[in-house]
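Below is one structure, written out as structure tokens; comments come after it.
The values are calculated or read from the model by the stated rules, or taken from the named source; none is laboratory data. Not measured: the values here are computed from a predicted model. A quick note on method: Cβ atoms are made from the backbone with ideal geometry, for glycine too, and the neighbour counts reach across all protein chains shown.
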Amino acid sequence: MVTDALEELGFGTLSALDVLGTQIELFTAGEGAPLLFLHGIDGIEGAAPLLRELARDFTVLAPSHPGFGTSQRPPDLNRVDDLGYFYLDLMDTLGLRRSMIVGSSFGGWVATEILTKEPDRATGLVLLSPLGLRTADRREQHVADIFMLSRQELNARLNRDEPALSSLPEARLRRAMRNDEALSLYGWTPYMYNPKLADRLHRISCRTLILWGEADAIVEPAYRNAFAAALPAADTSLIEAGGHRLHADQPQALAARIAAFAVG
Amino acid sequence: MIIWQFTEQAYHPAFQTPGSMRVTLPQHLCDPAEAGRLLNRYLDEYMLADELGLNIMVNEHHAAATCMSTSCMTTLAILARQTSRARLLALGIPLANRSNPLRVAEEISLVDTLSNGRLEIGLVKGAAYELFMSNRQPTGFMDRFWEAHDLILAALTNQGENFSWEGEHFHYRTVSMWPRPIQQPHPPIWMTASSAGSARGYGRLGYTCATFLSGAVARSVFSGYREAYAEAHGRQPGLDRLAYLAIVACASDRATAFRRAEAMKSYFTTAARLDPQFRNPWGFNPVEANVRMLQAGPSAMRPRMRNGKPVPVDGSIEEYMDAGLMFVGTPDDVYEQLARFNEETGGFGNLLMMGQAGELDHADTVDNLTLIAREVAPRLAKLPEIPLDMRYEAVG
């Protein structure tokens, strides 16, 4: 598999990992204890600012989820529940028995799907603006429907400077289109959640930290309560001047927080 | 060439509201009594088309002021009883947006029996923005389309025992059509294409291939169809396998015809009013198609005029005529324009005619349909067949 050069990830290595026949794009950087980073709706490239900081303390392992970036997706893998099992296979492939797991936004949902299946695979779990629990109750929406937003509006809410898609080099454009497609596959309906997850979260037994951006323009404050209720032992805090993409908005503060959490 | 009367059955009073005409337009702007009057009026015009010897085409859309028909089969169920001669074309049923294809097959059977075998069925991909109303999964859209197609065909044509269906997307314990369709093995099937590539697929299947408001592109659509049809079936397809959709505004004098065309042009300007994020939901188009589309730029999909430039959305009647999207004038003018377009595209047997569009009122629609049926249709029926070797040398 050919992975594209991603200049923002120049501080580490992009390589291909074969997970039981599925080629996965894996970014690795830094030294130290292993940390599995599960990206959000903006792909591994969107998380570059945080990964750079984390690489000072950890061996960062950041795969592109199946269907994102240049990662392949097995045809029948189409639920985040399936991603949970897939990542257990990926950890086995890497020989990673236990690791710090950090998931942002959509990746936070993925992290919970892994650990509700095999709770002992994490030394600690950090969820950054996680999705995965019921995002709406009938007419009341707790998470903005990103599929209904214009690109401009979405970028504004994500605090993201995205160049016009038509101006991107072909490989970057293809990544963007693959990321959109994969997100639609996993999150179109039910919108960005697994109805079973709330009743499974009690299985997560490792130390857990949940961080929310105070200025998150995607997730409403009421949604935080659902995670607090489902993971009562978790530490929860608000990050000032952070939006939904905490990993891009507050990379240094976040990395320091994660490093401190990791040592306990 | 035969003619099919078609109207989108717009709620045109909403056209004055600024902004999008679909998905986000709030329903409180619809006066249901006015909607009822308009829908009955459009049905009256379809009945007139039947009396005049024209055929009938009905479509459907959802959450749109531009089209109030939300179910082609419901509208056709009415027309099945209220008309007597016209062929009744549903173009089309947005298959991959339907959660229950067995229900689609049942409705087809019901209308075919009600109409004594006058139904023709278009199975279409549908408008991308309607995924927001159907909420069906955007990814795998065409896989779902073809499985629904296979199931519907199996249901309509079944001569044996009832069967069960365990597919990738659809699951039924027992499939049994009561009633089953009159037309055997099944009513004629239509599909729509805007490129030679998709037309080739339909040519292989032998289905009728329609292209909508595509101007010069119609020629490549039709030639793609012909090539694939000839390869698969060992003979050229009949002209009845090819169809083109356009607006026709006809009157005894040109000034009136152009006034009518102006009233119909709001079809184009309102259809264009849709927020961009609804045009192409994430995951709907294959990745490579999106890459090509974004690289080609937004005007690549616009129909083009003879000088190669895209027609502006708010283009003049003359520009829309030049691109082959509108045919406007006296019966002689309209006949000549259609005969020329027919020749340029290599020939097609079905004109899907928007004889009502946009804000064209009832009296003008009645006169438009009557003139076309009496003075244009008989001449189109006798269009000389274009020799095959000329087809690929035509301008366009």
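Hey, can you tell me all the residues within the range A:118-130 that are outside any loop (DSSP other than H, G, I, E, B), more than 29 Å from B:F132 (Cα to Cα) and not β-branched (V, I, T)?
Keep residues of the range A:118-130 that are outside any loop (DSSP other than H, G, I, E, B), which gives A:119-128.
Then drop every residue that is not more than 29 Å from B:F132 (Cα to Cα), which leaves A:119-127.
Scanning the range A:118-130 gives A:P119, A:D120, A:R121, A:A122, A:G124, A:L125, A:L127.
Determine, yes or no, whether B:H169 is within 14 Å of chain A (Cβ to nearest Cβ), outside any helix (DSSP H, G or I) and under 23 Å from B:L102 (Cα atoms).
Yes: the conditions hold for B:H169.
Anything in the range B:176-221 that is among the β-branched types (V, I, T) and surrounded by fewer than 19 Cβ atoms within 10 Å (Cβ to Cβ)? List them, or say none.
B:I182
Report those helices (runs of 4 or more DSSP H) wholly inside the range B:185-289 carrying at least 1 residues which are out of contact with any Gly (no Cβ under 6 Å at 6 or more places or on another chain), among the polar types (S, T, N, Q) and farther than 30 Å from B:E375 by Cβ.
B:196-205, B:217-233
Are any residues in the range A:127-154 within 12 Å of chain B (Cβ to nearest Cβ) and either surrounded by fewer than 21 Cβ atoms within 10 Å (Cβ to Cβ) or aromatic (F, W, Y) (or both), and if so, which ones?
Listed by number, the residues that qualify are A:D145, A:F147, A:M148, A:L149, A:S150, A:R151, A:Q152, A:E153, A:L154.
Have a look at B:E161, B:E147 and point out the one that is in contact with a His (Cβ under 6 Å, 6 or more places away or on another chain) and away from chain A (no Cβ under 14 Å).
Unique residue meeting the criteria: B:E147.
Let me confirm something: among A:R172, A:R178, A:R160, A:R79, which residue is loosely packed, with under 15 Cβ neighbours inside 10 Å, touching a residue at least 12 places away in the same chain (Cβ under 8 Å) and either within 13 Å of chain B (Cβ to nearest Cβ) or under 27 Å from A:S15 (Cα atoms) (or both)?
Result: A:R79 is the single residue among A:R172, A:R178, A:R160, A:R79 that is loosely packed, with under 15 Cβ neighbours inside 10 Å, touching a residue at least 12 places away in the same chain (Cβ under 8 Å) and either within 13 Å of chain B (Cβ to nearest Cβ) or under 27 Å from A:S15 (Cα atoms) (or both).
It is to be established whether one or more residues within the range A:58-75 are closer than 20 Å to A:L197 by Cα, of a type in the set (S, T, N, Q) and surrounded by fewer than 24 Cβ atoms within 10 Å (Cβ to Cβ).
no
Which of (1) over 14 Å from the mean Cα position of the chain (by Cα); (2) more than 14 Å from chain B (Cβ to nearest Cβ); (3) in contact (Cβ under 8 Å) with a residue 40 or more places away in the chain; (4) crowded, with 17+ Cβ neighbours inside 10 Å does A:R121 not meet, given it meets every other one?
Only one criterion is unmet by A:R121, namely (3).
Based on what the data block shows, is B:E318 within 14 Å of chain A (Cβ to nearest Cβ), at pLDDT 95 or above, part of a helix (DSSP H, G or I) and surrounded by fewer than 17 Cβ atoms within 10 Å (Cβ to Cβ)?
For B:E318, the condition - within 14 Å of chain A (Cβ to nearest Cβ), at pLDDT 95 or above, part of a helix (DSSP H, G or I) and surrounded by fewer than 17 Cβ atoms within 10 Å (Cβ to Cβ) - is not met.
Do we find a residue being of a type outside the set (A, V, I, L, M), within 17 Å of B:L239 (Cα to Cα) and outside any helix (DSSP H, G or I) anywhere in the range B:376-384?
The answer is yes, given that some residue of the range B:376-384 is of a type outside the set (A, V, I, L, M), within 17 Å of B:L239 (Cα to Cα) and outside any helix (DSSP H, G or I).
Working only within the range B:255-300, note down all residues that are among the basic types (K, R) and either more than 12 Å from chain A (Cβ to nearest Cβ) or touching a Leu at 6+ places or on another chain (Cβ under 9 Å) (or both).
Of everything in the range B:255-300, those that are among the basic types (K, R) and either more than 12 Å from chain A (Cβ to nearest Cβ) or touching a Leu at 6+ places or on another chain (Cβ under 9 Å) (or both) turn out to be B:R259, B:R260, B:K265, B:R273.
Quick one: in the range B:288-315, which of the residues that are surrounded by fewer than 14 Cβ atoms within 10 Å (Cβ to Cβ) and within 21 Å of the chain's Cα centre (by Cα) is farthest from A:S166 (Cα to Cα)?
B:V313
Would you be able to say whether some residue in the range B:135-142 is within 14 Å of chain A (Cβ to nearest Cβ) and assigned to a helix (DSSP H, G or I)?
Yes, some residue in the range B:135-142 is within 14 Å of chain A (Cβ to nearest Cβ) and assigned to a helix (DSSP H, G or I).
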